[in-house]
């Protein structure tokens, strides 16, 4: 008998985390008002629908990204 195959899967951050990190990065580089949802989706390699699934479209993503990802970067958790 042959031995079972081993599949190695590279883990990427969960989509929600990827969106937050990407949003903060783009807001820092391009400015909040110069960054679109399309920019975030393309850079994070997620669909626009994923962004709206994880985040309420009526709530600005900028302050949320800064509060959640920015705090981790600076140790303010």
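Read-outs throughout are calculated quantities, based only on the coordinates presented, and are distinct from any laboratory measurement. This is a predicted model, so every value here is computed, not measured. Positions of Cβ are generated from backbone atoms using ideal geometry, with glycine treated the same way; all protein chains shown enter the neighbour counts.
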- Message: Starting from the 7 Å offset along Cα-to-Cβ, what nm value, one decimal, do you get for the label separation of residue 5 and residue 52?
- Response: 3.8 nm
- What does the highest-first list of 21-29, 57-65 look like by mean Cβ count within 10 Å? 21-29, 57-65
- Would you please report the Å³ per residue occupied by the convex hull of the alpha carbon atoms in the stretch 15-74? 71 Å³
